[in-house]
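Notes follow once the structure below has been shown.
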Amino acid sequence: MTDSLSPRPAKGLYPAIEPYDQGYMSAGGRHRIYYEQSGNPDGIPVVVLHGGPGGGTSPNLRCYFNPKLYRIILFDQRGCGKSTPHASTDPDLSDNTTWHLVADIEALRQKLGIGQWAVFGGSWGSTLALSYAISHPDKVLSLILRGIFMVRPKELKWFYQEGASYLFPDIWEDFIAPIPEDERHDLMAAHIRRLNGEDKAQQAASALAWSGWEGATLSIEGPSDTPSKFTDTDFAIAFARIESWYFQNKGFFEHENWILDHIDRIRHVPAWIIQGRFDVVTPMDSAWALHKAWPEARFKLIGKAGHSSSDPGILEALVAACDQAVEVLG
């Protein structure tokens with residue numbers, strides 16, 4: 001099912017709103033998960049899964065949804081945002097895996113007394129949304145996904161070793177700058193050594209290079225549209241540590257096609273897949289593979305867009321999908 005979003009006038013995001021509820025959920029052990037609710041307490045519940053992993057939530061994520069119709073739940077995944085402990089100061093990530101996060105999502109659903117909810121996620125958020133839905137298909141009303149990422153080796157090699165580097169050679173120089181020539185055959189491993197080493201200057205340099213590389217390649221506009229948080233040292237350390245931990249462990253999946261091989265578990269779920277044609281961070285190949293495996297899902301390819309959810313075509317398609325999901329769900 002391709003390009004099936006209902007036509008409607010462009011209107012951008014919904015107006016900014018404030019949460020009506022904020023709190024922390026104990027995730028067992030040392031982790032406390034920050035969450036918030038906004039919109040209509042009696043509306044369709046939707047949980048928003050941020051990217052990274054380690055990217056944290058932001059207020060604009062509330063604004064893809066009609067606040068009169070949706071009960072909007074955001075939370076910061078383990079180690080980032082307002083959740084504690086924060087990975088910038090606590091490098092122990094042994095209890096921070098895909099399956100810990102899936103369990104956190106389910107625990108939050110139960111804590112909030114929600115029977116079923118819609119799930120919204122982009123980039124790593126799409127990975128986590130699919131993992132949660134496959135694990136708990138009876139709890140998912142719908143899926144709205146953007147910038148599909150499945151943590152497959154070829155995706156990681158493209159972005160962190162060779163591929164995207166050909167499109168952004170100027171920014172790539174900054175990414176590889178902290179790494180000596182004789183270690184550049186495996187840039188991810190070289191950065192990981194520095195991110196978790198004792199040398200604080202090397203740690204910060206590597207984190208800012210890692211974070212800056214992703215931030216500068218998000219939008220079709222390129223480096224000029226880099227979000228400011230990607231240049232913050234504390235954010236960058238947590239972000240780079242968490243991302244590299246997940247990536248060196250291949251997303252904690254049993255095998256690289258785990259998501260594609262389990263699509264039958266969610267084939268019945270109404271779903272929207274939105275992908276930028278010129279997405280450099282999570283190239284279209286992965287979204288296309290998901291589309292071919294799951295033709296029942298609505299697939300929207302945006303011609304003049306990259307990875308960022310704020311690229312105009314992506315933004316409009318996401319808001320349209322959220323509006324259409326209300327109609328589909330009744």
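The values are calculated or read from the model by the stated rules, or taken from the named source; none is laboratory data. Values in this document were obtained by computation on a predicted structure and should not be read as measured data. Counting neighbours? That spans all protein chains shown, and the Cβs are built from the backbone with ideal geometry, glycine included.
So, Ala207, is that one in the same structural domain as Ser26 (by TED's automatic domain parsing) and either buried (at least 18 other Cβ atoms within 10 Å of the Cβ) or acidic (Asp, Glu) (or both) or not? Answer is no for this residue. Please go through region 164-182 and pick out each residue that is without any contact (Cβ under 8 Å) to a residue 60 or more places away in the chain, surrounded by fewer than 19 Cβ atoms within 10 Å (Cβ to Cβ) and not in a helix (DSSP H, G or I). Ala177, Pro180, listed by residue number.
Screening Leu187, Leu128 for residues that are in contact with a strand residue (DSSP E or B) (Cβ under 6 Å, 6 or more places away or on another chain), part of a helix (DSSP H, G or I) and either buried (at least 22 other Cβ atoms within 10 Å of the Cβ) or not charged (D, E, K, R) (or both) leaves exactly one candidate, Leu128. In this structure, Glu316 does not satisfy being of a type in the set (D, E, K, R), in the same structural domain as Arg146 (by TED's automatic domain parsing) and either within 30 Å of Arg78 (Cβ to Cβ) or assigned to a loop (DSSP other than H, G, I, E, B) (or both). Here is the figure for region 266-310: residues that are surrounded by fewer than 23 Cβ atoms within 10 Å (Cβ to Cβ) and of a type in the set (Asp, Glu) total 2. Scanning region 118-163 for residues that are free of Cβ contacts under 8 Å to residues at least 24 places away in the same chain and farther than 26 Å from Leu187 by Cβ gives a single hit, Asp138.
Note on region 62-117: residues that are buried (at least 21 other Cβ atoms within 10 Å of the Cβ) and free of Cβ contacts under 8 Å to residues at least 24 places away in the same chain amount to 0. Of the residues that make up region 246-253, is at least one assigned to a helix (DSSP H, G or I), crowded, with 21+ Cβ neighbours inside 10 Å and touching a Pro at 6+ places or on another chain (Cβ under 6 Å)? Scanning region 246-253 turns up at least one residue that is assigned to a helix (DSSP H, G or I), crowded, with 21+ Cβ neighbours inside 10 Å and touching a Pro at 6+ places or on another chain (Cβ under 6 Å).
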